[in-house]
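Worksheet: one structure, shown below.
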Amino acid sequence: MERQKYLVTGGAGFIGSHLVDALLARGEPVVVLDDLSTGRLENLATAREQRHFQFVHGSVLDASLVDTLVSECGGVVHLAAAVGVKLIVEEPLSSFIINTKGTETVIESAHRYGSRIMIASTSEIYGKNSSGPLKETSDRVLGSPSVPRWSYSTAKAVDEILAELYRREHGLRSTVVRFFNTVGPRQSPAYGMVIPRFARQAVRGEPLTVYGTGRQSRCFLHVADAVEALLSLIDLPDAVGETFNIGSDEEISILDLAERTIACAESTSSVRRLSYSEAYGPEFEDMERRVPDTTKLRAFTAWQPQRNLDDVLADAVADARSEMRQQVGGLVV
Ligand code: UDP
C-alpha cells in the first residue's frame, strides 16, 4: 500500500525542517511548500537527498498551488507563518496577511479534499495573561490592537477560530498546536528569538542585550522535543478537534538566562540592559510570564520532553560557534 504523503507548509523553516527530517526518517513521503522568506534551503539539505521528498517554492497565498498540493497529500501540517517579535513589529501588515489569509487558503483546501490538518498556533494567543501555568482553556487577555506585538496574537486567534468554525460547520479534521518558546539548531537570531541571540553574543564576547527589567520569564523547549510532540499527535484520532500546548515547564527569568548562557559558553561577556523602546520602538509591550500547562498533551500521548534547559543552551552555543567558524573561514577566534 502506498503511504500517505504529508504536505508541510513552512517546511524550510526552523520547526518545519526538523519535522520534515523526522517524517522522512519514519519513511513518510513529504512535500514542502515554502516561500523561503525566512526559511532556508540549507535547512533541507538532508531531506533533499531523499527519494520521497519534494520541495515546492511558493506561497501559501497562492490558492491554486496550495489546492493542487493539498489534493495530492492526505495530511497537512501548516507551519508557514511570519514569526518572531522583531519581524512582526517591523513588517506588521505583510505578517498579518500571511498569518491570516495564508491559513485560510490552506484550511479551505484541506476542507475541500477532506484532509487532516494540523495548524500551528502560539502561546501569544494568551496575550497578556501572565498567571501561572497556562491551560488550553485559560483566558486570552487582549492587548490593544494598536500595539504592534498583539497583531500576531490576533492573527493566530483568527486562525484558531477559522479552524474551529470549519470543524463545527463542515467537519474539518483539524488539530491546533500552541508552541511556547522553542529553541534549537537552525533557529535564526534575525527575528528576535532570545536564545540564539544570547548564544551568538556570548560566543563573540559581546554584551548580552537584556530587554526591560529582565525579570520577565519564559520556558524553553528543545525543538527535537517539540517535533516528538507533533509526531505523537499527527495521526492520533482523539486529537482531532483538540488544541494542545507544546512547551517546557522549566521557567527562567531572562536575566538568569543571560547569566546561564554566559556560563555555558564560558564567555567573558557582560549583560547590557536595553529598554523596550530602544529594542522594539515606543509602543512595545512584553509578556511578563509565560509558562505552559502540558497536562493535556501528556494525557493524550506518551510525550515527555527528553532535554532540559542546559541541553538547549549547549546546543545553541554549539550552533553559534559553528556559525562563527564558518564566517571566519574555518578559524576559531
Ligand atoms: N529578549 C531580550 N533580549 C533579546 C531578545 C529578547 O531580553 O535580545 C527578551 C524579550 O523581551 C522577551 C524574552 O526575551 O521577554 C523572549 O523573547 P523572544 O523574542 O525570544 O520570544 P517571546 O517569548 O517574546 O515571543
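The values are calculated or read from the model by the stated rules, or taken from the named source; none is laboratory data. Not measured: the values here are computed from a predicted model. Here the Cβ positions follow ideal geometry from the backbone for every residue, glycine too, while neighbour counts run over all protein chains shown.
The residue pairs whose first member lies in the range 74-87 and is closer than 21 Å to Arg173 by Cβ and near the ligand (Cβ under 10 Å from one of its atoms), whose second member is at pLDDT 95 or above and not charged (D, E, K, R), and whose beta carbons are closer than 6 Å, counting only pairs six or more residues apart or on different chains, do not exist in this structure. Would you check if Glu124 is of a type in the set (Asp, Glu), farther than 20 Å from Val8 by Cβ, part of a loop (DSSP other than H, G, I, E, B) and under 18 Å from the mean Cα position of the chain (by Cα)? No. The set of residues in the range 275-310 that are under 20 Å from Glu259 (Cβ atoms), acidic (Asp, Glu) and surrounded by 17 or more Cβ atoms within 10 Å (Cβ to Cβ) contains only Asp286.
Considering each of Arg178, Arg200, Arg168 in turn, give the residue that is farther than 25 Å from Glu42 by Cα and within 15 Å of the ligand (Cβ to nearest atom).
Answer to the selection: Arg178.
One residue is enough: does the range 204-220 have a residue meeting the conditions more than 18 Å from the chain's Cα centre (by Cα), more than 7 Å from the ligand (Cβ to nearest atom) and assigned to a helix (DSSP H, G or I)? Yes, some residue in the range 204-220 is more than 18 Å from the chain's Cα centre (by Cα), more than 7 Å from the ligand (Cβ to nearest atom) and assigned to a helix (DSSP H, G or I). For the range 169-176, indicate whether the set of residues that are surrounded by fewer than 17 Cβ atoms within 10 Å (Cβ to Cβ), free of Cβ contacts under 8 Å to residues at least 40 places away in the same chain and either farther than 27 Å from Arg307 by Cβ or not polar (S, T, N, Q) (or both) is non-empty. Yes: the range 169-176 contains one or more residues that are surrounded by fewer than 17 Cβ atoms within 10 Å (Cβ to Cβ), free of Cβ contacts under 8 Å to residues at least 40 places away in the same chain and either farther than 27 Å from Arg307 by Cβ or not polar (S, T, N, Q) (or both).
Here Pro196 qualifies as part of a helix (DSSP H, G or I), under 30 Å from Glu323 (Cα atoms) and touching a residue at least 40 places away in the same chain (Cβ under 8 Å).
If the condition is being basic (Lys, Arg) and within 11 Å of the chain's Cα centre (by Cα), then the range 174-197 contributes only Arg178. The listed residues are Leu36, Leu41, Leu24, Leu87, and the only one of them that is over 19 Å from the mean Cα position of the chain (by Cα), surrounded by fewer than 24 Cβ atoms within 10 Å (Cβ to Cβ) and among the aliphatic types (A, V, I, L, M) turns out to be Leu24.
Could you please find all residues in the range 56-81 being in contact with a helix residue (DSSP H, G or I) (Cβ under 6 Å, 6 or more places away or on another chain) and surrounded by fewer than 21 Cβ atoms within 10 Å (Cβ to Cβ)? Scanning the range 56-81 gives Gly58, Leu61, Ala63, Asp67, Ser71. With respect to the conditions (1) crowded, with 17+ Cβ neighbours inside 10 Å; (2) at pLDDT below 95; (3) not basic (Lys, Arg), Leu221 falls short on a single one, namely (2).
Quick check on my filter: what residues within the range 93-120 are closer than 20 Å to Glu285 by Cα and either of a type in the set (Ser, Thr, Tyr) or buried (at least 17 other Cβ atoms within 10 Å of the Cβ) (or both)? Listed by number, the residues that qualify are Ser95, Phe96.
Taking into account only those residues within the range 181-197 that are touching a helix residue (DSSP H, G or I) at 6+ places or on another chain (Cβ under 6 Å) and among the small types (Gly, Ala, Ser), which is farthest from the ligand (Cβ to nearest atom)? Working first, answer last.
Just the residues of the range 181-197 that are touching a helix residue (DSSP H, G or I) at 6+ places or on another chain (Cβ under 6 Å), to begin with: 182-187, 189, 191-192, 195-197.
This time we only want the ones that are among the small types (Gly, Ala, Ser), so: 184, 192.
On the way: Gly184: 13, Gly192: 4 Å.
Only one residue tops the list, namely Gly184.
The residues of the range 232-286 that are modelled with pLDDT of 95 or more, near the ligand (Cβ under 10 Å from one of its atoms) and of a type in the set (Gly, Ala, Ser), listed by number, are Ser253, Ala258. Has the range 113-128 got any residue that is out of contact with any helix residue (DSSP H, G or I) (no Cβ under 7 Å at 6 or more places or on another chain), over 26 Å from Pro189 (Cα atoms) and at pLDDT 95 or above? Yes, some residue in the range 113-128 is out of contact with any helix residue (DSSP H, G or I) (no Cβ under 7 Å at 6 or more places or on another chain), over 26 Å from Pro189 (Cα atoms) and at pLDDT 95 or above. Elements of the type helices (runs of 4 or more DSSP H) sitting completely within the range 1-103 and holding at least 1 residues that are touching a strand residue (DSSP E or B) at 6+ places or on another chain (Cβ under 6 Å), modelled with pLDDT of 95 or more and under 30 Å from Val147 (Cα atoms): these cover 14-25. Take Arg149 and tell me if it is of a type in the set (Lys, Arg) and more than 21 Å from Glu283 (Cβ to Cβ). In short, no.
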